[in-house]
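Trainee: Have a look at this one.
Since every read-out is calculated from the coordinates, none of them should be taken as a lab result. Remember, it's a predicted structure, so these values are computed and weren't measured experimentally. With ideal geometry, Cβ positions are generated from the backbone for all residues, glycine too; neighbour counts draw on all protein chains shown.
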Amino acid sequence: MEHILNYFPELTETQRNQMAQLEELYPEWNAKINVISRKDIENLEVNHILHSLGLVKFVKFTSGTRVMDLGTGGGFPGIPLAIYFPEVSFHLVDRIGKKLKVAQDIAERIGLTNVTFQHGDVKEVKGKFDFVVSRAVMDLGEMVPLVKRFIDREDRNAVPNGLLCLKGGDLSHEVAQYKKAALIDELSSYFKEDFFKTKKILYLPL
């Protein structure tokens with residue numbers, strides 16, 4: 001919790017407890033199902049929870065915002081974001097049922113009431129969202145055609161509705177066709193840990 005509290009001292013007692021529970025529950029589940037790489041589970045706080053919270057540094061979702069987490073796996077970035085934004089609704093989608101089961105169990109055990117889950121392909125999702133978020137799921141060129149139809153036309157946040165991706169490495173080729181619209185924000189400008197040196201937020205208004 002040291003890193004999370006260092007960057008997010010504004011967390012309430014409830015939020016601190018929920019974040020702390022993540023650090024207990026994910027290793028517990030990971031011993032049964034390989035949700036996070038076995039080599040990486042010891043870096044859960046920085047590489048997964050804090051990484052997910054990087055989106056908070058880019059946009060503070062207003063109350064009532066609707067967010068889809070596409071390819072959430074075991075619940076990243078959706079669950080840490082749902083803890084931080086209790087007045088925002090999150091819909092977590094993944095094609096791998098066993099990983100989604102982990103996310104669902106953890107959400108229930110820490111008392112999250114602002115998350116829903118859907119096992120299946122994104123093409124089966126219905127409804128409108130202000131943002132679609134993802135963490136290293138697929139190339140931007142593949143993702144945009146899949147999610148564009150979900151984005152609501154009415155903006156309710158300081159940042160216009162669209163796609164928010166957590167990615168790493170050189171994104172120049174990926175954003176080439178969206179160069180005029182896409183915005184890349186370096187997570188190293190917010191977080192000092194070495195893990196974030198190559199990590200970025202890729203934002204595309206849709």
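Trainee: On the basis of being over 13 Å from Leu50 (Cβ atoms), crowded, with 19+ Cβ neighbours inside 10 Å and of a type in the set (Phe, Trp, Tyr), does Tyr203 make the cut?
Mentor: Here the answer is yes, as Tyr203 does meet what is asked.
Trainee: While we're here: Give Ala82, Ala103 a once-over and let me know the one that is outside any strand (DSSP E or B) and in contact with a Gly (Cβ under 6 Å, 6 or more places away or on another chain).
Mentor: Every option except Ala103 fails the conditions.
Trainee: Condition (residue is closer than 19 Å to Lys200 by Cβ, of a type in the set (Gly, Ala, Ser) and either buried (at least 20 other Cβ atoms within 10 Å of the Cβ) or in contact (Cβ under 8 Å) with a residue 40 or more places away in the chain (or both)) applied to segment 134-142: is it met by at least one residue?
Mentor: Initial filter on segment 134-142 (closer than 19 Å to Lys200 by Cβ): 134-142.
Subset that is of a type in the set (Gly, Ala, Ser): 134, 136, 141.
Among the residues that remain, those that are also either buried (at least 20 other Cβ atoms within 10 Å of the Cβ) or in contact (Cβ under 8 Å) with a residue 40 or more places away in the chain (or both) are: 134.
The answer is yes, given that some residue of segment 134-142 is closer than 19 Å to Lys200 by Cβ, of a type in the set (Gly, Ala, Ser) and either buried (at least 20 other Cβ atoms within 10 Å of the Cβ) or in contact (Cβ under 8 Å) with a residue 40 or more places away in the chain (or both).
Trainee: Still on this structure, I have one more. Restricting the search to segment 118-141, which residues are more than 21 Å from Glu23 (Cα to Cα), assigned to a strand (DSSP E or B) and in contact with a His (Cβ under 8 Å, 6 or more places away or on another chain)?
Mentor: Gln118, Phe129
Trainee: Taking the stated definitions as given, is Lys167 charged (D, E, K, R) and either assigned to a helix (DSSP H, G or I) or over 26 Å from Lys200 (Cβ atoms) (or both)?
Mentor: no
Trainee: A further question on this structure: From the list His48, His3, exactly one residue is within 24 Å of Ser189 (Cα to Cα) and buried (at least 21 other Cβ atoms within 10 Å of the Cβ). Which is it? Outline the logic, then answer.
Mentor: Numbers: His3 fails: buried (at least 21 other Cβ atoms within 10 Å of the Cβ).
Answer to the selection: His48.
Trainee: Now for a separate question. Could you figure out which of (1) farther than 22 Å from Glu87 by Cα; (2) in contact (Cβ under 8 Å) with a residue 24 or more places away in the chain; (3) small (Gly, Ala, Ser); (4) loosely packed, with under 14 Cβ neighbours inside 10 Å isn't true of Ser172?
Mentor: Unmet for Ser172, out of (1) farther than 22 Å from Glu87 by Cα; (2) in contact (Cβ under 8 Å) with a residue 24 or more places away in the chain; (3) small (Gly, Ala, Ser); (4) loosely packed, with under 14 Cβ neighbours inside 10 Å: (2).
Trainee: Further question: What number of residues within segment 108-154 satisfy the criterion of being of a type in the set (Lys, Arg) and closer than 15 Å to Gly78 by Cα?
Mentor: Going through segment 108-154 one residue at a time, the tally reaches 1.
Trainee: Now for a separate question. Give me the helices (runs of 4 or more DSSP H) completely within segment 1-70, filtered to those with at least 2 residues that are among the acidic types (Asp, Glu), ordered by residue number.
Mentor: The helices (runs of 4 or more DSSP H) meeting that bar are 13-30.
Trainee: Can you pull out the residues in segment 57-95 that are crowded, with 24+ Cβ neighbours inside 10 Å, without any contact (Cβ under 8 Å) to a residue 40 or more places away in the chain and among the charged types (D, E, K, R)?
Mentor: Asp94
Trainee: Give the number of residues within segment 122-147 that are among the basic types (Lys, Arg) and within 18 Å of Leu166 (Cα to Cα).
Mentor: Residues flagged as among the basic types (Lys, Arg) and within 18 Å of Leu166 (Cα to Cα) within segment 122-147 amount to 1.
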